[in-house]
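*Asks:* Shown below is the structure under consideration.
The values are calculated or read from the model by the stated rules, or taken from the named source; none is laboratory data. Owing to the predicted nature of the structure, the values given are computational and were not obtained by experimental measurement. Here the Cβ positions follow ideal geometry from the backbone for every residue, glycine too, while neighbour counts run over all protein chains shown. These area figures cover heavy atoms from the full protein model, side chains too; ligands, DNA and RNA do not enter into them. Shrake-Rupley method; radii C 1.70, N 1.55, O 1.52, S 1.80 Å.
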Amino acid sequence: MSNNEEILLKARNIRKSYYIGTPNELEILHGIDLDIRKGEFVSIVGQSGSGKSTLMNILGILDRQTVGEYSLNGIDISNAPAKELAKLRNRHIGFVFQTYNLIARTDALSNVEMPMLYAGLSPKERRARAEELLEMVGMTERMHHTPDELSGGQKQRVAIARAMANNPDIILADEPTGALDSGTGRMVMDIFHDLHEKQGKTIVLITHSNELAAETPRIITISDGNIISEKTQEIKIIRPATEERKEIC
Ligand SMILES: Nc1ncnc2c1ncn2[C@@H]1O[C@H](COP(=O)(O)OP(=O)(O)OP(=O)(O)O)[C@@H](O)[C@H]1O
Ligand SMILES: [Mg+2]
């Protein structure tokens, strides 16, 4: 990867501590340095409790680091006023969680429209884009269903469509296939591959699955709050619209 490519996410010496009653400080992340470039598909692996979600929450500006610098798209988050953070998050980041986090009693279409409402799009624009995104994830026929009428895989497809609503620079996915069976997880993973390959989307995927991580060009391993290894690999995927994926490494 050339050094000229644009750095989207830049984290330096990120530390995160929780305070469990004074003076008991518990440091969870111990100084993470990480650059993610535009168009990368990176997976983050590591044991339960190693700090993956803590890191993702900081990268997604859902939480703040205790120490260190973090910039997103050249904007220094550490110094951004709190009011700006929600806007930055809504415009630049799409989230996908293991538990979908869809709004209950609200149909798929409205769930996908929601981030666009906050971004100020007109009802007509929101509707058109939400329909397009639901079509992209194969959910056109179920767009008027509420989350409790959808299967896990269908909910996750809606969540991915929602993550894409404002055409974010980056998608942060925390165990998106964690609650799904392997076939359904495969379908979700294929959507991420499509977004990466066809739309050049930058994706950070947290996963417990070494098999899924092995499909991504860069794998970062976290252990006890430190990045302990990093691997990059060239992956060329020939992928017609079939169940089968062929990798030529
Ligand atoms: N609010 C909090 N207060 C205190 N400790 C916390 C808090 N949130 C997380 N932790 C601790 O931070 C550590 C890292 O948690 P984190 O959720 O980042 O792990 P993870 O790698 O995502 O694990 P998993 O794979 O199980 O999701 C854990 O030991 C957890 O107990
Ligand atoms: Mg986690």
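*Asks:* Could you grab me the full set of residues in segment 143-179 that are surrounded by fewer than 23 Cβ atoms within 10 Å (Cβ to Cβ) and either within 16 Å of ligand 2 (Cβ to nearest atom) or at pLDDT below 95 (or both)?
*Replies:* Within segment 143-179, ASP169, ASP174, GLU175, GLY178, ALA179 qualify.
*Asks:* Follow-up question, since we're still on this one. How many residues are open to solvent by less than 60 Å² (accessible area, probe 1.4 Å) and either basic (Lys, Arg) or within 20 Å of the chain's Cα centre (by Cα) (or both) if we restrict to segment 95-106?
*Replies:* Of the residues in that region, 5 qualify.
*Asks:* Among all residue pairs at least 6 apart or on different chains, which show Cβ distances below 7 Å where the first residue, located in segment 6-19, is within 22 Å of PHE41 (Cα to Cα) and the second is hydroxyl-bearing (Ser, Thr, Tyr) and open to solvent by 10 Å² or more (accessible area, probe 1.4 Å)?
*Replies:* LYS10/SER71
*Asks:* Which one of these does LEU9 not meet: (1) touching a helix residue (DSSP H, G or I) at 6+ places or on another chain (Cβ under 8 Å); (2) away from ligand 1 (no atom under 16 Å from the Cβ); (3) not in a strand (DSSP E or B)?
*Replies:* (3)
*Asks:* Something else now. From the list ARG218, ARG162, pick out the single residue that is under 14 Å from the mean Cα position of the chain (by Cα) and basic (Lys, Arg).
*Replies:* ARG162
*Asks:* Then there's this: Among the residues of segment 61-94, count how many are crowded, with 19+ Cβ neighbours inside 10 Å and within 13 Å of ligand 2 (Cβ to nearest atom).
*Replies:* Adding up the residues that qualify gives 0.
*Asks:* Considering only segment 110-127, state which residues are in a helix (DSSP H, G or I), free of Cβ contacts under 8 Å to residues at least 24 places away in the same chain and of a type in the set (Ser, Thr, Tyr).
*Replies:* SER110
*Asks:* Please go through segment 56-104 and pick out each residue that is away from ligand 1 (no atom under 16 Å from the Cβ), assigned to a helix (DSSP H, G or I) and not aliphatic (A, V, I, L, M).
*Replies:* Within segment 56-104, LYS83, GLU84, LYS87, ARG89, ASN90, ARG91, HIS92 qualify.
*Asks:* List the residue pairs whose Cβ atoms are under 9 Å apart, where the first residue sits in segment 53-65 and is free of Cβ contacts under 8 Å to residues at least 60 places away in the same chain and within 10 Å of ILE93 (Cα to Cα), the second is away from ligand 2 (no atom under 12 Å from the Cβ) and open to solvent by 30 Å² or more (accessible area, probe 1.4 Å), and the two are 6 or more positions apart or on different chains.
*Replies:* Listed by first residue and then by second, the contacts come to ILE61/ALA86; ILE61/ARG89; ILE61/HIS92.
*Asks:* Contact list please: Cβ distance under 6 Å, first residue in segment 85-107 and closer than 17 Å to ILE170 by Cα, second residue charged (D, E, K, R) and at pLDDT below 95, pairs at least six apart or on different chains.
*Replies:* Within 6 Å, the pairs are HIS92/ASP169.
*Asks:* May I ask you to list the residues in segment 13-42 that are farther than 17 Å from THR221 by Cα, among the basic types (Lys, Arg) and open to solvent by 30 Å² or more (accessible area, probe 1.4 Å)?
*Replies:* Once the filter is applied, which keeps residues that are farther than 17 Å from THR221 by Cα, among the basic types (Lys, Arg) and open to solvent by 30 Å² or more (accessible area, probe 1.4 Å), segment 13-42 yields ARG37, LYS38.
*Asks:* Which one of these does SER53 not meet: (1) within 17 Å of THR221 (Cα to Cα); (2) touching a Ser or Thr at 6+ places or on another chain (Cβ under 9 Å); (3) open to solvent by 40 Å² or more (accessible area, probe 1.4 Å); (4) not in a loop (DSSP other than H, G, I, E, B)?
*Replies:* The failed condition is (2).
*Asks:* With the structure loaded, tell me whether GLY39 is in contact (Cβ under 8 Å) with a residue 60 or more places away in the chain, within 15 Å of the chain's Cα centre (by Cα) and more than 16 Å from ligand 2 (Cβ to nearest atom) or whether it fails that test.
*Replies:* Judged against the criteria, GLY39 is a match.
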